[in-house]
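Derivation of every value follows stated rules applied to the coordinates shown; laboratory data play no part. The structure displayed is predicted, hence computed values, not measured ones. Note: ideal-geometry Cβ built from the backbone for every residue, glycine included; neighbour counts use all protein chains shown.
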Amino acid sequence: VRMQPLGPPGCLGHGHTFVLQLLGLTLFAGLLVALLVQVSKVPSSQEQEQELAKQEKVYQELTQLKAGVDRLCRPCPWDLTFFQGHCYFFSKSQRNWHDSATACQEEGAQLVVINSAEEQSFLQLTTKKRGHTWMGLSDLNKEATWHWVDGSPLSLRFMKYWNPTEPNNLGQEDCAEFDGDGWNDAKCDISKFWVCKKSALSCSHEQ
Ligand code: BGC
Ligand code: CA
């Protein structure tokens, strides 16, 4: 049996050319599609404007939010006065020295311990308007040896704040008060105003 030829001579060659053309066309079409996809991804100027407007809006909202946080962030509770990193409570009622000290402790504070001349000046001025006011200073443990409620001794540089002729221990006076322009030792059982002191909270952006 003679084998039938598969096709005219050269047919195989023509077939190859066609396949190559088809391949080239496909590749070209593919590249064209890829190019069109890339071009369509580039944002139009209108889209760019919209994006900028969006960013501007977000920025304004952030600015307003920050201002809101600043208003909310208070270093002291509403009824306390801020001064140089601390909060001060000036009582509206009067108590004896021990009950005043306890009242401060119950608020997580201390009957005031004075640590600077500025603080002394601020407290003396504020209490002068209110009347006799207890501070956290006494010589209850040992007569004429004055200690603050935090256990520290009264330093020499603060002794100038005693009023003239004070402390005089007149009929046993072991507790210190703000009296006019300076300090006086008074009887601890007497009811007077009092000042508590505690640390202020710091808002994060102030640190
Ligand atoms: C007070 C004393 C004080 C004296 C000063 C009296 O009323 O009880 O503590 O030393 O006044 O003049
Ligand atoms: Ca006195």
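In table form, for the structure just shown:
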quantity	calculated
Stokes-Einstein D for the chain, Kirkwood Rh over Cα pairs, 20 °C, 1.002 mPa s (µm²/s)	90 µm²/s
Rounded to the nearest 20 debye, dipole of the chain from Cβ charges on Lys, Arg, Asp, Glu	1140 debye
Two-decimal ratio, segment 34-94, of alpha-carbon radius of gyration to 2.2 N^0.38 Å	2.42
Selection of trypsin sites (Lys or Arg not before Pro), segment 69-140, meeting DSSP coil and at most 12 other Cβ within 10 Å	Lys92
Cα centroid separation, segment 41-97 to segment 142-174 (Å)	44 Å
log10 of Debye I(q)/I(0), alpha-carbon scatterers only, for segment 90-162 at 0.13, 0.19 Å⁻¹	-0.39, -0.87
Furthest towards positive pole of dipole, Leu137, Leu156, Asn115, structure part segment 81-202, Cβ charges	Asn115
Mean ellipticity per residue at 222 nm, deg cm²/dmol - from DSSP H runs of n ≥ 4 across the chain, formula -39500 (n - 2.57)	-14000 deg cm²/dmol
Normalised alpha carbon radius of gyration of segment 81-202 [divisor 2.2 N^0.38 Å]	0.96
Partners for Lys187 among lysines (Cα-Cα distance below 28 Å; same-chain residues under 8 apart left out)	Lys92, Lys128, Lys129, Lys142, Lys160, Lys197, Lys198
